[in-house]
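Reviewing the structure listed below.
The values are calculated or read from the model by the stated rules, or taken from the named source; none is laboratory data. All of these numbers come straight from a predicted model, not from anything done at the bench. As a convention, Cβ positions derive from the backbone with ideal geometry for all residues, glycine included, and neighbour counts pool all protein chains shown. Calculation scope for accessible area: heavy atoms of the full protein, side chains included, ligands and nucleic acids excluded. Shrake-Rupley method; radii C 1.70, N 1.55, O 1.52, S 1.80 Å.
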Amino acid sequence: MKKLKPVISYQLSVITFILFTVFCTLAQKPSETPPPPSQPRSVNIPEVKEMTLPNGLKVVVVQRRNLPLVTVSLLIRSGADIEDDNQAGLANMTADLLIKGTEFRTATQIAEQIDFLGGSLNSGASWNASTVTLNIMKDKLGKALSIMSDAVIRPNFPEKEVSLAKKQTLDGFAVSLTQPGTLLAYVASRYTYDEHPSIGTMQTIGKIRRNDIVTFHKENYVPDNSVLIITGDITPDQAFRFAELFYGGWQKTPVRKEIIANIMEAPKEHPKIFTSRSDVVQKIPVVDRMLVVDLPDSGQAAVGYAKKLYTGRANCFGEEEAENIKCGSSAIYYPASVLNSVLGGSYSSRLNQEIRLKRGLSYGARSGFAWRGFDTNFNVNTQTKNESAAEVADLIQIEIEKLANESILEEEMIPRKAVVVGGFGRGLQSNDDLAARLRDLYLYDISPNELNSFINDVGEVTDDDIKNFASDNLMSGDVIIVGDAKLFMDDLKKRFPNQKIEVIKASDLDLNSPNLRKRGSRSKK
């Protein structure tokens, strides 16, 4: 064996030399420009079938035969938007507690029975809506639907489960209020969007009682306020029979007028929407207000830009409405989607390029739109070390201003559209994802045919569409920074010399107050 060692050593040396030579050759070879994205493939959504039960429940079915799986998703057109400010978190708690006990099953029995069937049953609420979603094998659908419908129609909200849910929520707050990113989101809800946090606040969660939950369920979980969406390996006739069997006995109850108004009627008054174009937008600053929440000894700072848009998925105002084109859809949604892809919708977008890849100031910077019926919440958010918070805020301002004033070259526009189309395609691969897309449309009575026209609508977005959208909607927003103020305030004042900066100590915050301050506390400027 000793005689073999020199041979082995020689072989390793040769291999090492070869690998080194290959590496040097590749390193010297000039980099090649990656090929452009190919033309997007068309996506054909199977035909959407509808029927309405005598009790008013709309049933929507899409048959897909690729796997023996079925998703059943119930959309309730009521979420945090319908609750009072002093009961913030009520919609979310009601939805969470649906599967925690019924007249015939305990929380444990529901969980065990669904698990035994090999399925999943989840419920929750957002700002716009509440949902209950079942994923199950086709041959177990009937048994699973009996559990789901029981939870939807006959929950009994046991007092012990209510108490436990409140405790868990409050414990979560105790942690999240010390996290800059989460705290920024809570503050933006009140400061910019004039909303309460959909999950509630420490004060409001503590005030919620079981009777409040029972009343919210009784008034909002009604057939006329709901859409049952069934996708997967099931024929429309089979799906309609299942719907009649398990939801046909759901008692019809008139929907409260304020719920209908909240969903389908545009507000009578709304702030003026900018009708500026690039020649006028120079006069409109990107930043209108600046708020700093001083969180001493925070490990990082959260930096955000927030703007409320007074146009949404169900409508648009002004000249678009007068021209009678697809308000809230092609006129608004698609330019916004491509804009977001350019700005901060993915890893290769401008914000992430500038803040993370070029300067190493953050692990990631993102932007997004939270769509409503008649308004929309736009946000940019990232986290960075406290010392670079002002620089990041400045970079965000610069990138938003570019969208309104500079053209987007075709070599950037094409791949950014490809990202939007690719995300759309991936979002239709599972029954669950398809059901989610349909929920978004049926919430605002948008035709499901928009799924088939999505790729074409994205392709028709122009550079002018994006510039106009940015100048009309994204100017004059709020910069919010949550972090250790002493580490970035001097730099912030230098970078924004003409900007009034409002400072609130985190210990003085009151998320239920219109001015975000506890009674008796003072703001700094």
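Only aspartates and glutamates eight or more places from residue 417 in sequence, or on another chain, were considered; those with a Cα closer than 12 Å are 457, 460, 463. Take each peptide in 93-102, 465-474, count the other Cβ atoms within 10 Å of every residue, and average; sorted highest first, the result is 93-102, 465-474. Taking Lys and Arg as +1 and Asp and Glu as -1, the other residues whose beta-carbon sits under 13 Å from that of residue 287 total -2. Summarising the amide proton neighbourhood of residue 443: residues at separation of 5 or more, or on other chains, whose placed amide H is nearer than 5 Å comprise an empty set. Applying both filters, DSSP loop and at most 12 other Cβ atoms within 10 Å, to the GluC sites (Glu not before Pro) of region 330-426 gives 406. In loop segments of region 432-505 as defined by DSSP, the GluC sites (Glu not before Pro) with at most 16 further C-beta atoms inside 10 Å of their C-beta are 460. The amide H of residue 474, built 1.01 Å from its N in the peptide plane, has no neighbour under 5 Å, considering only residues 5 or more places off or on other chains. Modelled label positions at residue 297 and residue 108, each set 7 Å beyond Cα in the direction of Cβ, lie 4.2 nm from each other.
Here's the list of aspartates and glutamates a cross-link from residue 207 could span, going by alpha-carbon distance under 16 Å and ignoring same-chain residues fewer than 8 apart: 83, 84, 85, 159, 161, 171, 510.
If you count only protein heavy atoms and use a 1.4 Å probe, how large is the accessible surface of residue 303, to the nearest 10 Å²? Using a 1.4 Å probe on the heavy atoms, I get roughly 0 Å². Ignoring ligands, DNA and RNA, what percent of the 1.4 Å accessible area of region 415-492 is carbon and sulfur? Carbon-and-sulfur percentage of accessible area, whole number: 46.
Sorted on the mean count of surrounding Cβ atoms within 10 Å across their residues, most packed first, peptides 189-202, 224-237 read 224-237, 189-202. Amide H contacts for residue 234 (H built 1.01 Å from N in the peptide plane; partners 5 or more residues away or on another chain; cut-off under 5 Å): 64.
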